[in-house]
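The values are calculated or read from the model by the stated rules, or taken from the named source; none is laboratory data. Note that this is a predicted model, so its numbers are computed, not measured. Glycine gets a Cβ as well: all are built from the backbone with ideal geometry, and neighbour counts include every protein chain shown.
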């Protein structure tokens, strides 16, 4: 687009500085948010539960030696702010297992970091595929629906959206597995196959979870896009675009959609971030055993460090996605940079 | 005489709504020639803007029925396909609107938006289009046009935004410029500059201008002809000089009396009582009769046609020409009395 090129013109001295200040401010804010989240989760997971965490680490019959070692390792003998300092330092700078340092699981002494890193790609692939599908199809359906408003196309699209929003994921997921995999045999079944086992195999196991997860969001995005676009198309600058003699296509996609996209970008960032820890149902139905599954298992076995690990990772993802959204927003809408 | 630039013949616009049919414009006719400014005056809802949108083909054909003829250099625009009409929009007929802030896209640079108008009808490179945009911004009086072209609309003042809109309207040297309340959203000091600019543009480009406004003061400064509209109908139509020196229609008299001037104090202003009628259910007979001080027996039954009076211009009122002249003379006498 011509505009993008014009945005980074060499003679344009003022703009980049504005952007850098804006981004720096947002970044500082993001770090503050992550620190706050760390502090609150630290209190909730280590300080609120009864008894010393050392006791939980050492299992049913704790030895004095084990308790002493654990107390030292977690700095439990020091004031709580020092303890938190080490906790935060480990998270940001890494511990003996590397970055991010998340400590050890109560259950089996495995480092939470390795658990999270092992599970993360599954969830991230699930989100990446699903979000691409829902964004592309959701926005397209929304645009089509807005342009063909009050016609059969619009009503069908919105009916489909209503279905997508209402259908529970566990039902839809099982139905999809039953029909597409069991009866038709078109795709792989449940479970996760790593990318290293061949892209075809990987795809055929992911396509159903992608579609099922995407359907819900696609429906929401289609409605959101339709309503935003309809509102934007009533704006005076759309009339100006038509008065210029631009083709209707350009009017809708370049002038209308551009202005309708900002709220969609906002919720897109948040939806993705929330799914990092929150795709539990989809992960369970398709037995993907990603981060959601990890957190769920941690919770039912009272393995607090594991739950905490997933929680801080999710929270960080939310904060970082917020930062990304803010930056994208500033590029999309020049007025934001001056706010 | 040569073919007029723009000619409306019995233009009617009906909107189909849930509550019924809105008679937005009824049987409107006027003629615009090169070098002329036609001032269209009337209160809100009198059909001024709808008329211009109809000319531009910007009314949604699904909801609006447009009948009659809109002849642009002899071609009936209503008979053209949407795509043919699109090629005329912005190239042969351009339009500027009331609120220049709302009319510029908030997320694109001003120069880019003008360049886009260039490229809408001309296959030139982006760089060439941008260069033309800068030239035009310069021509409409934007200082440092080259740098300001990179600004976003919110970085422009109200007057500059309207100048930018005018620049955008001029990219293809149009034949007709429709200005729909171009100064209403602007400061008084800026209003005069914008009107001057429109007038200069008219002379420099030798085009016809349709200036829509509810402000008679604006019209008196620039228009060569005036069309007074009420409830979607023409009430009076003629050369500006005649309208201001010998108005014939009670509604025009009312407009003139409610117009503040330097000589006339606020307490001397006479508002027109009542409010404009609903266009869903227009009054029977003359649409103005419920508010008219001079109404008499047939006014609520007979729709007065737009006809010329001897040595005058066309108006749509059932009063006799003699009576119209008499009332006007009384009004002038009273005015002189007020001023002294």
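Brief remarks follow.
- Take the conditions (1) at the interface with chain A (Cβ under 9 Å from one of its Cβ atoms); (2) surrounded by 20 or more Cβ atoms within 10 Å (Cβ to Cβ); (3) in contact with a strand residue (DSSP E or B) (Cβ under 7 Å, 6 or more places away or on another chain); residue B:179 misses just one of them, which is (1).
- Where helices (runs of 4 or more DSSP H) sit wholly within region A:257-339, those with at least 2 residues that are within 14 Å of another protein chain (Cβ to nearest Cβ), farther than 18 Å from residue A:132 by Cα and in contact with a helix residue (DSSP H, G or I) (Cβ under 9 Å, 6 or more places away or on another chain) occupy A:258-278, A:304-332.
- Checked against the criteria, residue B:2 does not count as more than 23 Å from residue B:304 (Cα to Cα) and under 13 Å from the mean Cα position of the chain (by Cα).
- Considering only residues in region A:278-305 that are touching a residue at least 40 places away in the same chain (Cβ under 8 Å) and more than 27 Å from residue A:182 (Cβ to Cβ), the one that is surrounded by the most Cβ atoms within 10 Å (Cβ to Cβ) turns out to be A:291.
- Any hit, region B:136-144, residues being farther than 30 Å from residue B:261 by Cβ, at pLDDT below 95, surrounded by 20 or more Cβ atoms within 10 Å (Cβ to Cβ) and within 11 Å of chain A (Cβ to nearest Cβ): no
- Verdict on residue B:182 being outside any helix (DSSP H, G or I) and over 24 Å from residue B:24 (Cα atoms): no
- Filtering A:216, A:206 for residues that are farther than 16 Å from residue A:264 by Cα and either in a helix (DSSP H, G or I) or free of Cβ contacts under 8 Å to residues at least 60 places away in the same chain (or both) leaves a single hit, A:206.
- Subset of region B:255-288 [closer than 26 Å to residue B:310 by Cα and touching a helix residue (DSSP H, G or I) at 6+ places or on another chain (Cβ under 8 Å)]: B:255, B:256, B:257, B:285, B:286, B:288
- Only one entry of B:98, B:162, B:191, B:113 meets the criterion of being at pLDDT 95 or above and either within 27 Å of residue A:332 (Cα to Cα) or assigned to a helix (DSSP H, G or I) (or both), and that entry is B:113.
- Qualifying residue in region B:9-16 (condition: outside any loop (DSSP other than H, G, I, E, B) and out of contact with any strand residue (DSSP E or B) (no Cβ under 9 Å at 6 or more places or on another chain)): no
- Checking region A:226-235 against the condition returns a match, with at least one residue being within 14 Å of chain B (Cβ to nearest Cβ), without any contact (Cβ under 8 Å) to a residue 24 or more places away in the chain and more than 21 Å from the chain's Cα centre (by Cα).
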